[in-house]
Amino acid sequence: MLVITKRAETSSRVDVEISLPFDVRKKCRFKTVSTDGEEVGIFLDRGTVIANDDRFLSEDGRVVRILAQDEPLLEITRGSAQSLAQLAYHLGNRHVSIEIDNDCLRIAYDEVLKGMVEGLGAFTCPIHAPFHPEKGAYAGGHSHGPEHGKGRGPIIHDLSKLSD
């Protein structure tokens, strides 16, 4: 079994490719199979979320590229940016992973959420595409223990910068 434990440079040559849906890419420890049929074990730091085209180094020195697999999504549109922001707010309150584009939102396909956003006046379209949701404000993947200082809340790291 090919074992992966650390990241490689993004410019590294690629020896092995793996195609994964988002629900698997957000896990830090799992087994899967490469596109060539080789069994692969991925053991990354807790909180790691794998993005499309991330590259990792296997224990035997090969570079493994992860590709975001097409999966069933719901594309959500509404006339104005304000309406999309309101829809994103309602989905975020339900802790739904959301991909935000200029004129639409995308979420993993879910009939209940489809009904909710349509009830709020949105238009929906089921699609099959790779899913690249926002990382979230606490995407750093770790917390600071008691030694960090008494009475302090979480520290926010690695925020995705706003796109405009």
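The values are calculated or read from the model by the stated rules, or taken from the named source; none is laboratory data. All figures in this text were calculated on a predicted structure; none of them were measured in a lab. Cβ atoms come from the backbone with ideal geometry, glycine included; neighbour counts cover every protein chain shown.
Inspect all residues belonging to the range 134-147 and state whether any of them is over 23 Å from Leu20 (Cα atoms) and either at pLDDT 95 or above or in the same structural domain as Ile50 (by TED's automatic domain parsing) (or both). Scanning the range 134-147, I find no residue that is over 23 Å from Leu20 (Cα atoms) and either at pLDDT 95 or above or in the same structural domain as Ile50 (by TED's automatic domain parsing) (or both), so the answer is no. Within 30 Å of Phe123 (Cβ to Cβ), of a type in the set (Ser, Thr, Tyr) and either surrounded by 14 or more Cβ atoms within 10 Å (Cβ to Cβ) or at pLDDT below 95 (or both): does that describe Thr10? So Thr10 does not fit the description; no. Please work out which residue is farthest from Val24 (Cα to Cα), limiting yourself to the range 49-104 and to residues that are part of a helix (DSSP H, G or I) and aliphatic (A, V, I, L, M). It comes out as Ala81. Taking the residues in the range 37-91 that are free of Cβ contacts under 8 Å to residues at least 60 places away in the same chain, polar (S, T, N, Q) and surrounded by 13 or more Cβ atoms within 10 Å (Cβ to Cβ) as candidates, determine which candidate is farthest from Asp23 (Cα to Cα). Result: Ser83. In the set Asp70, Asp53, only one residue is in contact with a His (Cβ under 6 Å, 6 or more places away or on another chain) and either modelled with pLDDT of 95 or more or not small (Gly, Ala, Ser) (or both); that residue is Asp70.
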